[in-house]
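First the structure, in the form of structure tokens, and then the observations on it.
The values are calculated or read from the model by the stated rules, or taken from the named source; none is laboratory data. A quick note: this is a predicted structure, and the numbers were derived from the prediction, not measured. Here the Cβ positions follow ideal geometry from the backbone for every residue, glycine too, while neighbour counts run over all protein chains shown. Keep in mind that these areas ignore ligands, DNA and RNA; they rest on the heavy atoms of the full protein, side chains included. Shrake-Rupley method; radii C 1.70, N 1.55, O 1.52, S 1.80 Å.
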Amino acid sequence: MATLADSFLADLEDLSDDENRDEEGAEATEEAPDADKDLAEAAILNYDDLDSVAKLQKSQRFHDVMKKVEEAMTNATGISSKGLVAEDDPKYQLIVECNALSVDIDNEITIIHNFIRDKYRAKFPELESLVLHPIDYSRLVKQIGNEMDLTVIDLEGLLPSATIMVVSVTASTTSGKLLSEENLQKTIDACDRALALDEAKRHVLEFVESRMGYIAPNLSAVVGSTVAAKLMGVAGGLAALSRMPACNVQILGAKKKNLAGFSTATALPHTGFLFHTEIVQSTPPPLRMRACRLVAGKCTLAVRVDFTRGDISAKIGRELREDVRKKIEKWQEPPPPKQPKPLPVPDSDPKKKRGGRRLRKMKERYALTDMRKLANRMKFGVPEESSLGDGLGEGYGMLGQAGSGKLRVSIGQSKLAAKVAKKFKEKQYGSSGATSGLSSSLAFTPVQGIELSNPQAQAGLLGSGTQSTYFSETGSFSRISRTY
Amino acid sequence: MSYLLTHLHHAFHVDEAIKSEEERVTIIRFGCEGDTTCMEMDEVLVKVAEKIKKFAVIYLVDVKEVHEFNVMYELYDPCTIMFFFRNKHIMIDLGTGNNNKINWAVRDKEEFIAIVETVFRGAKKGRGLVVSPKDYSTRYRY
């Protein structure tokens, strides 16, 4: 874990080195280059010098920005009368810098917290799992110092009382040993540094928030000045922010921590700064994504209003916020109660009967066939045959009896199939001798099955008008005349 | 719960109620208010009234209050249901032998709705006698 941390820190060192070189010439950093090299080479668990890893506080950039912020804070009254601030105003640039700085301060605090934790582990190992917040941890460490007995120390005001109790109990059974004087001093120094950084960050954020009301009043009215400042910082200006569609505004500030191999289940999709605003966080979890989208939309509108300086008094911003609140409330309303409906009058709506080819084909499957019709009827005076003989079983009726008019009862073709068969015959005989090489002389007819047909004979039939077409299956009306 | 349904206190009201309905079946319950059978039937009638209100209307008559129909319709049971459509008495073949009325408490709502619907369908077609969907000939399980 130490080697990984060291490699990350090495990356950070590179970054801050670049910035320092760009901004000014005078090097204010009190680095110990030898210790640094040793650290990189040896990669030991306990790095002794805090300054080798926590550089921000000593950097020039930090000092510059803090100075400007202090100046601006003291000049607060002068600005307020001027109304909104123009974008190329140095004040505006300062705000963008402040945003970047606050992010860096956060990183720095984390680094220092790690340092303190590593050192203090020898004394009180359980504390790091009980108190997670870095600033609380630093305060606690400063208060406890090198004491073994926690009952003499007053921890009121630092932590909630439940946590104090747990800490006291754990301290009485801790496996830690006293720290050396040197180590203790280093730890206390680191704590002081962390607390100072926290103060600085608070200052910076206060400043940005106070100025937010002049730069983007409507946006601040909708989401709050902190988030508004963050959004502007990430977008890189009010102009850029106003050009973004609402879906992009929703994503601003999303952390892409998808290191390969780590789980993506906990990563919330499409959630940026807006997801962590008060409005969205106070809605029930199932509605949060909807609320986020809604807020993003209203936010974009507010930003555009601010960009065009349409409304200085932030009235539109307040209206939008009210809109959002009302909509979220409406979503949480229970559905209207179900009214018991009375039954409809019987037979008032006649059943919708359908027709068409599909239905007819379906009905064909259950239609009464000729075979069944014959079986249902009986001849007078002639006994019918039955399936089991002697009058037992199913009766066959006129089926299979002599003189019934049919030699063989076939399945029978449906009416629709007849139409298709007719078309088929027309095609065959309409070729008038000029048949292609692929045509066969076998014709499939309904009654006889397959038969070998002579296409010439049929072609001749159609050609001569003297032949009678009265009984022809393919013939049509030849002469229609009016008969009075 | 019978206070939720309309009571008729006079023979004249009963006549008017039967004559006035043009589109719906008139269901008259003749019975003694305090009887348990009657109360059970009333429970069912109350629950069913809203559902069938589009094709049937229910009236309650206390037999001890209105005596005029007792001999005419032979109302000697604690609870009797009779059906009328357009001023005509509709008979139902229940299998019990008595087609004029239902003289027990029908406990099931769905059953009762089925009977009323059958009466309505048949009466609308002009039939004077309809066949009940359920057969009650073995009701006493003998």
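Here are the numbers:
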read-out	value
Considering residues of region A:209-231 that are within 32 Å of the chain's Cα centre (by Cα) and of a type in the set (Val, Ile, Thr) only, the residue surrounded by the most Cβ atoms within 10 Å (Cβ to Cβ)	A:Val222
Those residues of region A:317-373 which are touching a Lys or Arg at 6+ places or on another chain (Cβ under 9 Å) and either within 14 Å of chain B (Cβ to nearest Cβ) or closer than 30 Å to B:Phe120 by Cα (or both), in sequence order	A:Pro340, A:Lys341, A:Pro342, A:Leu343, A:Pro344, A:Val345, A:Pro346, A:Asp347, A:Ser348
Options B:Val116, B:Val131: the member that is more than 14 Å from chain A (Cβ to nearest Cβ) and among the hydrophobic types (A, V, I, L, M, F, W, C)	B:Val131
Qualifying residues in region B:45-61 (those that are open to solvent by less than 10 Å² (accessible area, probe 1.4 Å) and more than 14 Å from chain A (Cβ to nearest Cβ)) - the one nearest to B:Ala11 (Cα to Cα)	B:Val61
Which numbered condition A:Glu384 fails, given (1) within 14 Å of chain B (Cβ to nearest Cβ); (2) in contact with a Phe, Trp or Tyr (Cβ under 9 Å, 6 or more places away or on another chain)	(1)
Selection count, region B:79-97, where residues are among the basic types (Lys, Arg) and open to solvent by less than 60 Å² (accessible area, probe 1.4 Å)	0
Answer from B:Lys64, B:Lys19 - the residue that is in a helix (DSSP H, G or I), over 13 Å from the mean Cα position of the chain (by Cα) and more than 14 Å from every other protein chain (Cβ to nearest Cβ)	B:Lys19
Test for B:Ile81: is it in a helix (DSSP H, G or I) and aliphatic (A, V, I, L, M)	no
Among the candidates A:Ser348, A:Ser282, A:Ser242, residue that is at pLDDT below 90 and of a type in the set (Ser, Thr, Tyr)	A:Ser348
Exclusive hit being of a type in the set (S, T, N, Q), in a helix (DSSP H, G or I) and open to solvent by less than 20 Å² (accessible area, probe 1.4 Å), set A:Thr187, A:Thr163	A:Thr187
Test result for A:Asp347, surrounded by 13 or more Cβ atoms within 10 Å (Cβ to Cβ) and either charged (D, E, K, R) or under 30 Å from A:Leu219 (Cα atoms) (or both)	yes
Test: residue in region B:100-111 that is within 13 Å of the chain's Cα centre (by Cα) and among the small types (Gly, Ala, Ser)	yes
Set A:Ile135, A:Ile144, A:Ile188: member being within 45 Å of the chain's Cα centre (by Cα) and of a type in the set (A, V, I, L, M)	A:Ile135
Condition check for B:Ile27: in contact (Cβ under 8 Å) with a residue 60 or more places away in the chain, surrounded by 14 or more Cβ atoms within 10 Å (Cβ to Cβ), touching a Gly at 6+ places or on another chain (Cβ under 7 Å) and not in a helix (DSSP H, G or I)	no
Test: residue in region B:66-74 that is among the aromatic types (Phe, Trp, Tyr), buried (at least 18 other Cβ atoms within 10 Å of the Cβ) and under 25 Å from B:Cys32 (Cα atoms)	yes
Filtered residue count, region B:98-142, keeping only those that are open to solvent by 90 Å² or more (accessible area, probe 1.4 Å) and farther than 26 Å from B:Thr36 by Cα	4
Complete set of residues in region A:350-378 that are part of a loop (DSSP other than H, G, I, E, B), open to solvent by 80 Å² or more (accessible area, probe 1.4 Å) and farther than 30 Å from B:Ala56 by Cβ	A:Arg354, A:Arg365, A:Tyr366, A:Leu368, A:Arg377, A:Met378
